[in-house]
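What follows is a structure written as structure tokens; I'll ask about it next.
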Amino acid sequence: MPTLRTVLFDLDGTLIDSLRLILDSYHHTLAQHGLPARTDEDWLKGVGTPLTAQLSEWRDKLGTVEAMIATYREYNLKHHDRMVTVYPGVVDAVREIKAAGLQTGLVTSKNRGGALRGLKLVGLEALMDVLVCADEVTNPKPHPEPVEKAVSLLGADPATTVYVGDSVHDMYSGRAAGVRTAAALWGPFGRADLEQSKPDYWLETPQALVTLVRRNRERGEPKA
């Protein structure tokens, strides 16, 4: 198997713990627009896809989706810095991967402004070589375009690239783009949720990703 040289990351649920903020933002949006409430479980099904996908059923009403997105973002930004944290071990793991000489990139369903805010808040912005965000692609995850674009911008080889994410949408996008996929089990979803997407690797902790990269590179080194 070719040596890994590039690691791509999802953002929410993989690098940063923002799930409660995301769910609260959806609940607030429905309430503000006088729409029937939904459960956390309802919204969780679409976590990992852009706002336009999550709110698509209201698209046929003139201006409704746009207004709902504005409401969501206003609430989300207002509470962002108070509610968002980095998962334990993530920053150290990314630093170790960079120190080993690998390329890194972010592939997220957030727009660039929101993605940068999250990365800056937890000290990860400088550790990403490239960002591909929802407002920079035509077809968001689970389509392969976002991952393909990151691979292209980095001049990487899909065969030596792994995409780390927490949702089935991440796994499907990576697989369709021809890269290896790694399921981050420290996020909101467990093995039972992700099994259908058949990730190449299961990662219990961020340090497990460092171990995966290290072992992969050791196997790929020529023998003396």
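The values are calculated or read from the model by the stated rules, or taken from the named source; none is laboratory data. This is a predicted model, so every value here is computed, not measured. Ligands, DNA and RNA are stripped out before the accessible areas are found, and what is left, the full protein with its side chains, is counted by its heavy atoms. Shrake-Rupley method; radii C 1.70, N 1.55, O 1.52, S 1.80 Å.
Among (1) basic (K, R); (2) closer than 21 Å to A184 by Cα; (3) modelled with pLDDT of 95 or more, there is one condition K45 misses while meeting the rest; what is its number?
Of everything listed in (1) basic (K, R); (2) closer than 21 Å to A184 by Cα; (3) modelled with pLDDT of 95 or more, K45 misses just condition (3).
Please find, among L30, L35, L77, the residue that is hydrophobic (A, V, I, L, M, F, W, C) and within 19 Å of the chain's Cα centre (by Cα).
L77
Next question, about the same structure. Given the criteria at pLDDT below 95, open to solvent by 20 Å² or more (accessible area, probe 1.4 Å) and not β-branched (V, I, T), does G114 qualify?
So G114 passes the test.
Which of the residues spanning region 168-184 are assigned to a loop (DSSP other than H, G, I, E, B) and open to solvent by less than 30 Å² (accessible area, probe 1.4 Å)?
Within region 168-184, A177, V179 meet the criteria.
Sort out for me the helices (runs of 4 or more DSSP H) sitting completely within region 1-104 that have 2 or more residues that are open to solvent by 70 Å² or more (accessible area, probe 1.4 Å) and closer than 21 Å to A134 by Cα.
64-83
Now for a different question. When residues of region 185-224 are filtered for being open to solvent by less than 70 Å² (accessible area, probe 1.4 Å) and outside any strand (DSSP E or B), how many remain?
Residues meeting the conditions: 20.
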